[in-house]
Amino acid sequence: MTQAPVTTEISAGDVLTVAREQVLERGIGLSREQTLAVLRLDDDQLEQLLELAHQVRMKWCGPEVEVEGIISLKTGGCPEDCHFCSQSGLFASPVRAAWLDIPSLVEAAKQTAKTGATEFCIVAAVRGPDERLMAQVAAGVEAIRNEVDIQVACSLGMLTQDQVDRLAAMGVHRYNHNLETARSHFPNVVTTHTWEERWDTLRMVRAAGMEVCCGGILGMGETLEQRAEFAADLAALEPDEVPLNFLNPRPGTPFGDLEVLPAADALRAVAAFRLALPRTILRFAGGREITLGDLGARQGILGGINAVIVGNYLTTLGRPAEQDLDLLGELQMPIKALNETF
Ligand code: SF4
């Protein structure tokens, strides 16, 4: 893929003109410095920015929207200390450890497929999978592939090479592992493992031929510079999908008292990430309801987003699937169809 050019200082006033020529016309994502200039744009340029991000998405990704459902196979009780996460067993947060059985997993996949979703992601709150979890995932993936027309993705934390190979052999086609934030901010967010350990898992996933899904959470106290750094980190990884979450401060977690990201900042970030990653599936994930409200969903989908999660998230409620699907219908954006024959 063509590298973004190395740039020096770029003024906020110029960046939209540059982005139109570089990203929209030529499909070359913004550099870190250019992304920072976008993140610094005034509110009165926000509409223009969202319009450009939408044009970029339509030109380089098309009008289709990818719909995904997620399910938690193992909830809570995680030994890691990600400061935003109510599933850590180290904080006094209200999520209790629980396992889901295989019939319930298959039923959830069926319900997800009924919404038109093409992706079903099995998630577990763990540092990395142990043998019990790997066995559950193998049984679950097989049952879903036998009974439901949907692609199966997994998010099971950090993997060994052997686990990567086994997941690829099971037919898991995409693996989610978020870098969560910029490398320079990561030690303020997680202390029980490193950004580099996460990067290693992503590298192995890519090499094994699975699609890479990697994003993070905005609004965790990062500076605008770090937000731009994170977009550049992701651009260097070239993931197939980037889920963008906005912090929904959970009671009992170390980030429980952080302020919710203002809507304008969240929308500016969505557009900036689209301009840094013109061809990536950019998915609205958790926290958008509290950050953006109903109106924001529309602005985001018209401002660079081309994928949504339907239904509920792992520990918080989302919007009913119908609301999102109605919105896509109203905006005349088709739901992406399955392109793999099972
Ligand atoms: S984000 Fe994942 S690894 Fe971190 S505490 Fe939560 S469940 Fe554990």
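The values are calculated or read from the model by the stated rules, or taken from the named source; none is laboratory data. Keep in mind the model is a prediction, meaning the values are calculated, not measured. Backbone-built Cβ (ideal geometry, glycine too); neighbour counts: all protein chains shown.
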**Message:** Under 6 Å between Cβ atoms, which residue pairs at least 6 apart in sequence (or on different chains) link something in the stretch 256-280 that is more than 26 Å from Val23 (Cα to Cα) with a partner that is hydroxyl-bearing (Ser, Thr, Tyr)?
**Reply:** Val260/Thr291; Leu261/Thr291
**Prompt:** Which of the following residues is within 16 Å of the ligand (Cβ to nearest atom), more than 19 Å from the chain's Cα centre (by Cα), crowded, with 17+ Cβ neighbours inside 10 Å and not polar (S, T, N, Q): Asp130, Asp81?
**Reply:** Asp81
**Message:** Out of Ala271, Ala266, Ala285, I need the residue that is of a type in the set (Gly, Ala, Ser) and farther than 26 Å from Ser88 by Cβ. Which one?
**Reply:** Ala271
**All positions within the stretch 179-206 that are buried (at least 20 other Cβ atoms within 10 Å of the Cβ), within 16 Å of the ligand (Cβ to nearest atom) and either free of Cβ contacts under 8 Å to residues at least 40 places away in the same chain or in a loop (DSSP other than H, G, I, E, B) (or both)** = Leu179, Thr181, His185, Phe186, Val189, Val190, Leu202
**Prompt:** Inside the stretch 36-82, can you point out the residues that are touching a residue at least 40 places away in the same chain (Cβ under 8 Å) and polar (S, T, N, Q)?
**Reply:** Ser72, Thr75
**Fill in**
Every listed condition ((1) at pLDDT below 95; (2) of a type outside the set (Gly, Ala, Ser); (3) within 20 Å of Val23 (Cα to Cα)) holds for Leu292 save (3)
**Request:** Identify the single condition in (1) surrounded by 15 or more Cβ atoms within 10 Å (Cβ to Cβ); (2) within 15 Å of the ligand (Cβ to nearest atom); (3) among the small types (Gly, Ala, Ser) that Ala53 does not satisfy, given that it satisfies every other one.
**Result:** (2)
**Asked** Could you say which residue among Val137, Val106, Val123, Val141 is within 16 Å of the ligand (Cβ to nearest atom), out of contact with any Cys (no Cβ under 6 Å at 6 or more places or on another chain) and part of a helix (DSSP H, G or I)?
**Response** Val137
**Message:** Take Leu325 and tell me if it is at pLDDT below 90 and either under 19 Å from the mean Cα position of the chain (by Cα) or not small (Gly, Ala, Ser) (or both).
**Reply:** yes
**Asked** Looking only at the stretch 212-243, which residues are touching a residue at least 60 places away in the same chain (Cβ under 8 Å), closer than 20 Å to Thr35 by Cβ and in contact with a Pro (Cβ under 9 Å, 6 or more places away or on another chain)?
**Response** Gly215, Gly219
**Message:** Can you tell me how many residues within the stretch 139-164 are surrounded by fewer than 17 Cβ atoms within 10 Å (Cβ to Cβ) and closer than 16 Å to Met210 by Cα?
**Reply:** 3
**Complete:** Residues in the stretch 18-54 that are of a type outside the set (S, T, N, Q) and outside any helix (DSSP H, G or I) total 8
**Fill in**
Flagged in the stretch 122-177 as among the basic types (Lys, Arg) and within 20 Å of Met204 (Cα to Cα), in numbering order, are Arg127, Arg166, Arg174
**Request:** Check Gly209 against each of (1) surrounded by fewer than 21 Cβ atoms within 10 Å (Cβ to Cβ); (2) under 25 Å from Gln34 (Cβ atoms); (3) touching a helix residue (DSSP H, G or I) at 6+ places or on another chain (Cβ under 7 Å) and name the one condition it does not meet.
**Result:** (2)
